[in-house]
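First comes the structure, then the notes that go with it.
The values are calculated or read from the model by the stated rules, or taken from the named source; none is laboratory data. Keep in mind the model is a prediction, meaning the values are calculated, not measured. We place every Cβ from the backbone using ideal geometry, glycine too, and count neighbours over all the protein chains shown. These area figures cover heavy atoms from the full protein model, side chains too; ligands, DNA and RNA do not enter into them. Shrake-Rupley method; radii C 1.70, N 1.55, O 1.52, S 1.80 Å.
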Amino acid sequence: MGVDEGFDMVPRLSRGSEDMREWGRFIDIVRKYYQDDAQVKVYDGYIEFDAGEHPMLPFDGHKFLRFSSKITGRSDKPHHVCDYIKSVRAIARSIFGSRVRPWTEAADQFGFYDWRDVHDSIKSFTNDSTTITVSRFATDGNDGSVADYPLRLLNDQLYEILDIPNKGRGLVARCNIRSGTRILYEKPLLIVRSTSPDLVHRTVASKLMALSKEEQRQFFSMHNNFPGQHAFAGIVKTNALPCGSNAVTAGVYVKIGLINHSCLSNCHNSWNSETQHETIHAIKDILAGEELTIAYDKGIPTAARQGFLRSSFGFDCRCELCTCPLPEQQASDDRRRQIQLLDEQVGDSYTVTTNPTVSLQACHTLLKVLLDEYGTSGMALVARLYYDAFQIAITHGDQARAKVFAERAYKARVACEGEDNPVTKRINGFMKNPASHDSFALGSKMWRSSKTAQPRNLGAEDFEKWLWRRQGSS
Ligand SMILES: C[S@@+](CC[C@H](N)C(=O)[O-])C[C@H]1O[C@@H](n2cnc3c(N)ncnc32)[C@H](O)[C@@H]1O
């Protein structure tokens, strides 16, 4: 018998240096505070409190989700578990503020995390494992729908709006979300042309009149980093997302407008020009309690990126990459510079026409650097790269390779933009019939092949050699 009580950490801590430093400070205080307490035991990777259900604190903050125990009336030990919960919670609060979420079943309050995730997190530090295994994702139902997660109670909403340290409000994953899941599909409250602040202000003022009182309230509640004479233009500049790449119009969104930026984001936003909606997809597996982020920039090196975010959106970025130690930042900058150079090489139409092997090699190198920099979350860039490779191959009549590149571009685009995106649909057409592309054999016919001419029985490595026309392949 008894009731559960404790606190959860929401958003969960990242591996970023700021979170690691704060957690280290917290652990130091806890250790000092209990140094003479025989019931508090320090093990290799965690601290265990010998009371109640033995709540624990890992040394790695990113593995921590919950500190809790069942509270029963009696205890045969000098210190009762509820005293530990109270004092550890107070120390945590003094460092992490509202990120510490107290709850007690006695008052019908429940923790943020599913117990299965809590048990997985505990296993990750008591079994000395470096990774957190995840028992289930929200979309593990056979039909891809939300499975038996407590989030059913939240109308299947995969996120919650919360205060995020140093960033205002933001969206936090309510459950584990698998890469490729569509998290949001939203119609803009307003679409505005990018013109002078004065004109944007006047356009918004007239568009607001056509909106309901609730929609107007939502617009006015948005963050404004450029207050002043043209307040509406300031709200648009702070929050709007372009309606597609190179678009002259931008949309303002009630929910998507709450998604903060990260230079290594876990979500991808894109404009569906057919349905006139913005979509948000997970581009990596996201754990419950992680903040959802998109990239407001195009992945440039630190100094240029931070300058861009400051002048275009009016804030100093506090993401994991921008706050990581200098050597890591420099390594990332080197990769991003290399990505920019390779991108230019791949896009050089003269080389594509006259020396396509060089263009294809640049694509292949670019793929490797993208994976180094972004891991699996570089999916949108990878999709573009495969489409570039498709175009190189098809320009010289090579339907066999073009088909494989189109298939890979399609798969990546479905994951980050969805099957209903018009560009994804177009690529689906090229996948089925590569020769339908306008550039088919336009450069030469020197690589001519049929769309079914892929080699059979090659191992994965040899297949890649063939695909990228690397040495030793025909
Ligand atoms: C589109 S709004 C996002 C929602 C906003 N946090 C709010 O409370 O309404 C963009 C603003 O959020 C904050 N923000 C977003 N990403 C950030 C980041 N990586 N670092 C610091 N602040 C950030 C900045 O103030 C930025 O201007």
Q. Once phi is turned into ³J(HN,Hα) by the Karplus curve 6.51 cos²θ - 1.76 cosθ + 1.60 with θ = phi - 60°, what whole-Hz value does each residue of segment 239-253 show in order, with x for glycine and proline?
A. 10, 6, 10, x, 7, x, 6, 6, 6, 9, 10, 9, x, 10, 10
Q: Any chance you could look up the accessible area of VAL358 with a 1.4 Å probe, heavy atoms only, rounded to 10 Å²?
A: 70 Å²
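Quick check: residue separation of ASP420 and ASP44 times 0.36 nm, minus the Cα distance between them. What number comes out in nm? Walk me through the intermediate numbers first.
On the way: separation 376, 0.36 × 376 = 135.36 nm, distance 5.01 nm.
Here the segment from ASP420 to ASP44 would lengthen by 130.3 nm.
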Q: On the full set of protein chains, 1.4 Å probe, figure out the accessible area of GLU160 and give it in Å² to the nearest 10.
A: 40 Å²
**Q.** Zone of LYS32's modelled label, taken as backbone nitrogen in segment 61-104 under 19 Å from a point 7 Å along Cα→Cβ
**A.** 87-97
(Q) Can you give me the C-alpha center-to-center distance between segment 254-281 and segment 61-99, rounded to a whole angstrom? (A) 37 Å
Q | Label-point separation in nm, GLU18 to LYS368, each point 7 Å along Cα→Cβ | A | 3.5 nm
Q. log10 I(q)/I(0), Debye, Cα-only segment 145-287, no solvent, q = 0.08, 0.21 Å⁻¹?
A. -0.24, -1.40
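Excluding ILE191 itself, what net charge comes from residues whose Cβ is under 11 Å from its Cβ, given Lys and Arg +1 and Asp and Glu -1? Walk me through the intermediate numbers first.
On the way: positive: LYS187, ARG193, LYS207; negative: GLU278.
Net charge around ILE191: +2.
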Q) Along the positive direction of the dipole of segment 185-282 (beta-carbon charges: Lys, Arg +1; Asp, Glu -1; about the Cα centre), which of ILE280, PHE219, TYR253 reaches farthest? A) PHE219
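Based on the alpha-carbon set only, what is the convex hull volume of segment 3-126 divided per residue, in Å³? If you can, show how the numbers build up before the last one.
On the way: hull volume 12.4 nm³, N = 124.
Normalising the Cα hull of segment 3-126 by residue number yields 100 Å³.
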Q: Calculate, for the chain, the solvent-accessible area per residue in square angstrom, rolling a 1.4 angstrom probe over the heavy atoms of the protein chains.
A: 49 Å²
Q) Per-residue HN-Hα couplings for segment 321-331, Karplus 6.51 cos²θ - 1.76 cosθ + 1.60 at θ = phi - 60°, whole Hz, x for Gly and Pro? A) 6, 6, 10, 7, x, 3, x, 5, 5, 5, 5
Q.
Suppose the chain between THR126 and ASP334 were pulled fully straight at 0.36 nm per residue; how much longer would it get relative to their current alpha carbon spacing?
A. 71.1 nm
Q) If you place +1 on the Cβ of every Lys and Arg, -1 on the Cβ of every Asp and Glu, and leave all else neutral, what size is the dipole of the chain about its Cα centre, to the nearest 20 Debye? A) 1340 debye
Q.
How much length would be gained if the chain were fully extended between PHE226 and LEU326, taking 0.36 nm per residue of separation minus their Cα-Cα distance, in nm to one decimal?
A. 33.0 nm
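Computing the accessible area with a 1.4 Å probe over protein heavy atoms, can you report the carbon and sulfur percentage for segment 3-126? Display every interim value, and only then the final one.
On the way: 2920 of 5940 Å².
Of all accessible area on segment 3-126, carbon and sulfur atoms account for 49 percent.
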Q) Given just the C-alpha atoms of the chain, how large is their convex hull per residue in cubic angstrom? A) 187 Å³
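Round to the nearest 0.05 the FRET efficiency obtained for LEU442 and SER312 when R0 = 56 Å and r is the Cβ-Cβ distance. Display every interim value, and only then the final one.
Values: r = 37 Å, r/R0 = 0.67.
Approximately 0.90, to the nearest 0.05.
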Q: Please list ARG470, ARG174, ARG31, ARG202 in order of solvent-accessible area, largest first, computed with a 1.4 Å probe with all protein chains present.
A: ARG202, ARG31, ARG470, ARG174
Q: Roll a 1.4 Å probe over the protein heavy atoms and report the accessible area of LYS368 in Å², nearest 10.
A: 110 Å²
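Based on Cα coordinates alone, diagonalise the gyration tensor for segment 326-467, multiply each eigenvalue by 5, take square roots, and list the semi-axes in whole Å, largest first. Kindly include the intermediate steps, with their values, before the conclusion.
Values: eigenvalues 128, 63, 45 Å².
So the equivalent ellipsoid measures 25, 18, 15 Å along its semi-axes.
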Q: Could you tell me which Cys residues in the chain have no other cysteine's Cβ under 4.7 Å from their own Cβ, answering none if every one has a partner?
A: CYS82, CYS175, CYS243, CYS263, CYS267, CYS319, CYS324, CYS363, CYS416
Q) Short version: ³J(HN,Hα) in whole Hz for each residue of segment 293-304, in order, from phi by Karplus 6.51 cos²θ - 1.76 cosθ + 1.60 (θ = phi - 60°), x for Gly and Pro, what are they? A) 9, 10, 9, 7, 10, 10, x, 9, x, 3, 4, 5
